[in-house]
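Some notes on the structure that comes next.
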Amino acid sequence: MKVTFFGIQPYDKLSFNTMNEGFGFDIEYHNSLLNAKTVSLAQQSDVICIFVNDVADEEAIKGLSEAGVKLIALRCAGFNNVDLDAARKYKIQIVRVPAYSPHAVAEHAVALMLSLNRKIHRAYWRTRDGNFSLHGLLGFDMFGKTAGIIGTGRIAKVLIHILHGFGMNILANDLHPDPYFAEQEGIRYVALDEIYSQSDIISLHCPLTEQTHHMINKEAIDKMKEGVMIINTGRGQLINTETLIDGLKKKKIGAAGLDVYEEEAHYFYKDTSDKIISDDVLARLLSFNNVILTSHQGFFTREALENIARTTLQNIKDYENNIPLVNEVK
Ligand code: NAI
């Protein structure tokens with residue numbers, strides 16, 4: 001069975017090649033992201049494999065169908081970049097990797113929180129330059145502070161457990177609250193307004209949907225505490241970045257840790273260090289000393305890469321063997 005990979009990076013290739021020794025698929029790798037223009041690379045493939053910044057919109061899916069593709073294997077959890085109606089229309093099935101390491105992303109969210117709070121990113125450069133002053137590096141105890149967690153799925157549950165270790169109070173919000181988890185962890189599910197008004201740190205862990213698109217907008221930010229820290233390891237479009245910048249300029253937002261960005265597909269996973277950044281919003285974000293931006297690397301641990309490769313190739317194997325697809329996106 002021929003499987004064509006889009007948007008491949010050297011580390012993906014290494015982990016998939018190693019895992020494929022046990023599967024034996026005929027794999028073709030491409031650096032290009034999938035979109036309507038690159039779809040022809042999938043000619044004569046039964047399956048394509050894509051990641052977070054590939055675009056499987058209706059035009060691309062129509063092209064994939066014409067090329068003979070029957071299955072799109074996402075090597076990630078989120079599927080907001082796939083037009084599911086178009087996939088149904090062209091009879092292409094979708095599989096994903098629902099959980100490869102919730103620990104990886106939760107721990108990255110904590111890394112962003114701690115770095116921003118204790119200004120580690122600034123201290124690192126200071127001491128290397130012989131500047132041992134503490135001016136401007138004042139942080140706060142996490143103990144006793146309130147974290148507002150939006151979306152309490154796999155990643156958020158790990159995060160909540162870690163934050164409890166710091167002695168933080170947890171407020172949570174979810175479309176489908178989990179009362180058993182709430183009782184076990186001693187957390188409260190509350191309305192978004194209470195998350196906004198009571199939290200010292202707000203961390204986003206819900207999927208990108210019509211409902212959550214730009215959920216962090218001016219109205220939401222206006223309700224937040226002065227100096228709130230916002231962490232986003234979910235999807236860039238959960239936040240209206242221009243209003244985030246406005247909040248940062250007005251000091252309403254005290255810090256932002258962003259592993260995702262609305263227009264990340266143009267930049268993330270590429271080395272553009274010998275070019276200038278033409279995206280003014282991104283450039284402004286990068287100018288704040290209380291913003292840490294990472295390039296969608298929350299998932300990037302050895303354990304997660306191995307799990308991604310194993311589950312993706314098993315999903316394809318199940319499709320080949322015509323057995324029920326446990327990780328199908330309907
Ligand atoms: P999950 O599916 O286990 O949990 C998502 C939770 O969000 C569910 O409990 C769901 O009920 C809730 N939810 C859905 N709509 C909501 C809404 N409107 N308001 C409040 N809650 C809502 O997902 P998981 O594995 O915890 O991942 C969360 C998100 O993290 C993914 O959707 C993905 O976008 C992102 N992600 C980011 C990674 C990174 O490298 N930065 C890696 C993996 C996932």
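Quick look at the numbers
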item: Lone unmet requirement of (1) in contact (Cβ under 8 Å) with a residue 12 or more places away in the chain; (2) assigned by TED's automatic domain parsing to the domain that holds residue 207; (3) away from the ligand (no atom under 16 Å from the Cβ); (4) among the polar types (S, T, N, Q) for residue 93; result: (2)
item: Qualifying residue in the range 257-267 (condition: under 24 Å from residue 173 (Cα atoms), more than 12 Å from the ligand (Cβ to nearest atom) and not hydroxyl-bearing (Ser, Thr, Tyr)); result: yes
item: Candidate set: the range 200-225, residues that are more than 14 Å from the chain's Cα centre (by Cα) and within 16 Å of residue 116 (Cα to Cα); chosen: the one nearest to the ligand (Cβ to nearest atom); result: 202
item: Residue match in the range 133-143 (condition: in the same structural domain as residue 235 (by TED's automatic domain parsing), crowded, with 16+ Cβ neighbours inside 10 Å, in contact (Cβ under 8 Å) with a residue 12 or more places away in the chain and within 24 Å of residue 247 (Cα to Cα)); result: yes
item: Subset tally (residues that are within 19 Å of the chain's Cα centre (by Cα) and more than 13 Å from residue 207 (Cβ to Cβ)) for the range 75-93; result: 2
item: When residues of the range 236-283 are limited to those that are assigned to a helix (DSSP H, G or I) and among the aliphatic types (A, V, I, L, M), the one surrounded by the most Cβ atoms within 10 Å (Cβ to Cβ); result: 244
item: All positions within the range 305-329 that are under 9 Å from residue 97 (Cα atoms) and either free of Cβ contacts under 8 Å to residues at least 24 places away in the same chain or in a loop (DSSP other than H, G, I, E, B) (or both); result: 327
item: Among the candidates 149, 155, residue that is touching a Pro at 6+ places or on another chain (Cβ under 8 Å) and surrounded by 12 or more Cβ atoms within 10 Å (Cβ to Cβ); result: 155
item: Residue within the range 57-69 that is within 21 Å of residue 303 (Cβ to Cβ) and modelled with pLDDT of 95 or more present; result: no
item: Residues located in the range 265-307, provided they are of a type outside the set (A, V, I, L, M, F, W, C) and under 20 Å from residue 116 (Cβ atoms); result: 284, 287, 289, 290, 294, 295, 296, 297, 298
item: Residue list for the range 66-82, restricted to those being assigned to a loop (DSSP other than H, G, I, E, B), more than 14 Å from the ligand (Cβ to nearest atom) and surrounded by 17 or more Cβ atoms within 10 Å (Cβ to Cβ); result: 69
item: Residue check for residue 175: closer than 30 Å to residue 83 by Cβ, surrounded by fewer than 15 Cβ atoms within 10 Å (Cβ to Cβ) and in the same structural domain as residue 255 (by TED's automatic domain parsing); result: yes
item: Subset of the range 99-116 (residues that are more than 14 Å from the ligand (Cβ to nearest atom) and surrounded by fewer than 18 Cβ atoms within 10 Å (Cβ to Cβ)); result: 114
item: Which listed residue, of 51, 79, is of a type outside the set (A, V, I, L, M) and under 23 Å from residue 322 (Cα atoms); result: 79
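To keep it simple, each residue is scored yes or no on (1) of a type in the set (A, V, I, L, M); (2) touching a Ser or Thr at 6+ places or on another chain (Cβ under 7 Å); (3) assigned by TED's automatic domain parsing to the domain that holds residue 84.
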residue	(1), (2), (3)
194	no, no, no
206	no, yes, no
212	no, no, no
216	yes, no, no
226	no, no, no
238	yes, yes, no
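Listed here are the residues, each with its yes/no results for (1) of a type in the set (A, V, I, L, M, F, W, C); (2) within 15 Å of the ligand (Cβ to nearest atom).
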position	(1), (2)
97	yes, yes
118	no, no
126	no, no
145	no, no
150	yes, yes
167	no, no
174	no, yes
198	no, no
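The values are calculated or read from the model by the stated rules, or taken from the named source; none is laboratory data. What you are looking at is a predicted structure, and each value in this text was computed from that prediction instead of being measured. Reconstructed Cβ throughout: ideal geometry from the backbone, glycine too, with neighbour counts over all protein chains shown.
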